[in-house]
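A short worksheet on the structure shown next.
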Amino acid sequence: MNLRLIWVMLSCGLLAACAGTTVVLVPDAGGKVGEVDLTTKGGTTHLDKANDSAAADKAEQAPTKAVHLSDEKIKDMFAETLAKEPIPPARLRLYFSSGTDEFNAETQSEFDKVVAAIDLRKSCDMSVIGHSDTVGDNSSNKELSLKRADKVAKALIGLGVKKDCMDMRYYGENDPAVPTADNVDEPKNRRVEVEVR
């Protein structure tokens, strides 16, 4: 589960015992919110809504009840922590013409976005994953999805991306973006997904 929690330990002095803990539940990059329990010897407070917060001042006391914090308050309280948070992965899709490893017309411009995502993250950690639609048999589609992934990897290498920074996989028709019956020509399934972490 992608879940971001902001934990703040408030110290009460020079190497003294900890004065308490504050927990804030915030959405992940996709807007999803998980849940967490803040538990002490005195009780538990359950957090399951975006920006819910609770504090535990002492281990023997129950945590405070959940309180909703504004985005501005969270930014003010945790500016230093949030500034150190990694940039979420970029997920880009490159599409192909039916039955081929030829990029469709819009795909060439997507390479600029992939390179920009790599540059922004200063990344050497990415996946290149080939897919196909359900036209033809799965064995041929696996081979085609490998060719597509290989073509994208070679294009990225041509743009200066190191080969050892890429994890290349291929699934044929087994992981469709749009589920279809067999032998359906679905353009959104003829793709290579590039994830830059």
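The values are calculated or read from the model by the stated rules, or taken from the named source; none is laboratory data. Everything numeric here is computed off the predicted structure, so don't read it as measured data. Cβ coordinates were reconstructed from backbone atoms using ideal geometry, including for glycine residues, and neighbour counts include every protein chain displayed.
What the table below lists for this structure:
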quantity	calculated
Which listed residue, of ILE118, ILE129, is under 24 Å from the mean Cα position of the chain (by Cα), in the same structural domain as MET166 (by TED's automatic domain parsing) and under 25 Å from PRO179 (Cα atoms)	ILE129
Odd one out for ILE74, checked against (1) under 23 Å from LEU156 (Cβ atoms); (2) touching a residue at least 60 places away in the same chain (Cβ under 8 Å); (3) assigned to a helix (DSSP H, G or I)	(1)
Residue, surrounded by the fewest Cβ atoms within 10 Å (Cβ to Cβ), within the range 115-129, restricted to residues that are among the β-branched types (Val, Ile, Thr) and in contact with a helix residue (DSSP H, G or I) (Cβ under 7 Å, 6 or more places away or on another chain)	ILE129
Criterion (under 18 Å from ARG121 (Cβ atoms), surrounded by 16 or more Cβ atoms within 10 Å (Cβ to Cβ) and under 18 Å from the mean Cα position of the chain (by Cα)) met by exactly one of VAL196, VAL161	VAL196
Where LEU82 falls short, out of the listed (1) surrounded by 17 or more Cβ atoms within 10 Å (Cβ to Cβ); (2) over 30 Å from VAL152 (Cα atoms); (3) under 25 Å from the mean Cα position of the chain (by Cα)	(1)
One residue from LYS154, LYS142 being more than 23 Å from the chain's Cα centre (by Cα), assigned to a helix (DSSP H, G or I) and over 20 Å from SER109 (Cβ atoms)	LYS142
Failed criterion for THR45 (all others in (1) touching a Pro at 6+ places or on another chain (Cβ under 9 Å); (2) surrounded by fewer than 17 Cβ atoms within 10 Å (Cβ to Cβ); (3) not assigned by TED's automatic domain parsing to the domain that holds VAL152 hold)	(2)
Test for SER132: is it closer than 30 Å to LYS84 by Cα, modelled with pLDDT of 95 or more and crowded, with 16+ Cβ neighbours inside 10 Å	no
